[in-house]
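Presented below is the structure to which this report refers.
Throughout, read-outs are computed from the coordinates displayed, never taken from laboratory work. Computed from a prediction, not measured in an experiment: that's the story for all the values here. Cβ sites come from the backbone with ideal geometry, for glycine too, and all protein chains shown count toward neighbours.
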Amino acid sequence: MDNERNQRRFESVFSKKVRAGKRRTYFFDVRKTKGDDYYLTLTESTKKFNSDGYERHKIFLYKEDFNRFMSGLEETLNHIKTELMPDYDYDEYTRRHEEWEAKRAEENAAAELDDETSNDSNSESESSSVESEDDMTW
């Protein structure tokens, strides 16, 4: 019973996953407290270089700090973008990721079409040239 209660306690009521290159993923999870309150956990998950597994770092953000956190984050990012690196193309990686997603979707659709038209159930379809996001070059 205690284990079930602990699992519910840490269960996310909302989650957003943001991939950031080959090795890094960010998770934004809204969690509910016992007192029907909510807080945010920010998790950075980084794939380890020389072994299997991931290294994780968490920040817990509570409602009383939301506005100050957002203000500080926004001010810091704006300082980088306008004062330190004004000529950098901050949309470059977004475009590259969208191109990669489109290519992946196109290849998956082609593979599914090949599977549907194939009469030989034992034949294997060609593998996609982009098998996972880890193959994407950032």
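Side notes on the structure shown:
- Each residue, residue 88 and residue 75, gets one label point 7 Å from its Cα in the Cβ direction; the gap between the two is 2.0 nm.
- Going from the fewest other Cβ atoms within 10 Å to the most, the residues 83, 11 appear in the order 83, 11.
- Scalar couplings 3J(HN,Hα) for the stretch 107-113, obtained by applying the Karplus form with A = 6.51, B = -1.76, C = 1.60 to θ = phi - 60°, are 5, 5, 5, 5, 5, 5, 5 Hz; x denotes Gly and Pro.
- The packing ranking, built from the mean of other Cβ atoms within 10 Å per residue, places the peptides 64-75, 25-36 in the order 25-36, 64-75, highest first.
- Semi-axis lengths, largest first, of the ellipsoid equivalent to the stretch 63-116 are 39, 18, 4 Å, with √(5λ) applied to each eigenvalue of the Cα gyration tensor.
- Using the Karplus relation 6.51 cos²θ - 1.76 cosθ + 1.60 with θ = phi - 60°, the per-residue 3J(HN,Hα) values for the stretch 50-59 come to 9, 7, 6, x, 9, 9, 10, 10, 10, 10 Hz, with x marking Gly and Pro.
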